[in-house]
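The values are calculated or read from the model by the stated rules, or taken from the named source; none is laboratory data. In this text the structure is predicted, and so the values were computed from the model without any measurement. Backbone-built Cβ (ideal geometry, glycine too); neighbour counts: all protein chains shown. With ligands, DNA and RNA removed, areas are computed over all heavy atoms of the protein, side chains included. Shrake-Rupley method; radii C 1.70, N 1.55, O 1.52, S 1.80 Å.
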Amino acid sequence: MQKFSPIAESYQKIKTGLPDNVQLVAVSKTHPKEMIREVYDLGQRVFGENKVQELIEKHPQLPQDIQWHLIGHLQTNKVKYIAPFIDMIQSVDSEKLLVEIDKQAEKNHRKIKVLLQVKIAEEDTKYGLEVHETKELYLDYLNGKFPNIIISGLMGMATFTENKNQVRKEFTFLKHLFDQLSSQQKLDTLSMGMSDDYPLAIECGANSVRIGSAIFGSREYL
Ligand SMILES: *Cc1c(COP(=O)(O)O)cnc(C)c1O
């Protein structure tokens, strides 16, 4: 009889391999609540989803002490559905979105933590802030423009490529921006690295990694 399921085994292996200061966000998108529950029972509390619809279906069916992170593009008109419970929105890619999150946070009498998602990939990715926009928004924030938001840090996704040097260059670039902004007021979280590139991301300074398929297996069957 097998003592651990494949998920439990993958999870434990990844978790024990991470340095103590690195947070693991278990990316559970497309996977059923039973699989999430299994990882929860092993002690994991932070889970990432990329779609609002899926998140609001799963949220009531799972333990209430799960800290949900939204990691996918968020439409302004959907902020209201997650504002009551979301722990962190990692994918803030416009000022308009920040304004709406601030408004919904106030309505819900809470502060919402966010990361600014920065465009670091060479490929033409759809979402993410330019560096100058990131700096401007952080300055606005420091000047009190978004009183119901806590900007905790930055998030980035590297180019989808086998070329490690390219990926390293992009992660290092984001780490430099993180340090630069941190010198104005300290930021906590630098979220970069997924199943395929998280060891490199950690080497480059990430202290939060978003890992899906290496824990839950492939999403291809869906
Ligand atoms: C899906 C996703 C991940 C996790 O990807 P894996 O390769 O399965 O680890 C991380 N970050 C974002 C933004 C994602 O959408």
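For region 113-158, applying the loop criterion from DSSP together with a ceiling of 16 other beta carbons within 10 Å to the chymotrypsin sites (Phe, Trp or Tyr not before Pro) yields TYR127. Taking a ≥ b ≥ c as the square roots of the eigenvalues of the Cα gyration tensor, region 75-118 is classed as prolate, since a/c reaches at least 1.5 and a/b is larger than b/c. The distance from the alpha carbon centre of region 56-133 to that of region 134-181 is 15 Å, rounded to a whole number. Computed over neighbours whose Cβ is under 14 Å from that of PHE178, the net charge equals 0, Lys and Arg +1, Asp and Glu -1.
Within region 9-92, the trypsin sites (Lys or Arg not before Pro) that combine a DSSP coil assignment with at most 14 other C-beta atoms in a 10 angstrom radius are ARG45.
Quick one: compute the contact order of the chain, relative version, from alpha carbon pairs under 8 angstrom and 6+ residues apart, as a percent. With pairs under 8 Å counted, the relative contact order is 20 percent. Placing a label point 7 Å from the Cα of ARG219 along the Cα-to-Cβ direction, the residues of region 30-53 whose backbone N falls under 13 Å from that point are 30-32, 48-53. Pairs of Lys residues in region 42-125 that lie 8 or more places apart, or on two chains, and have C-alpha atoms under 13 angstrom apart add up to 6.
For the set MET194, MET155, the ranking by accessible area, highest first and with no ligand, DNA or RNA atoms included, is MET194, MET155 under a 1.4 Å probe.
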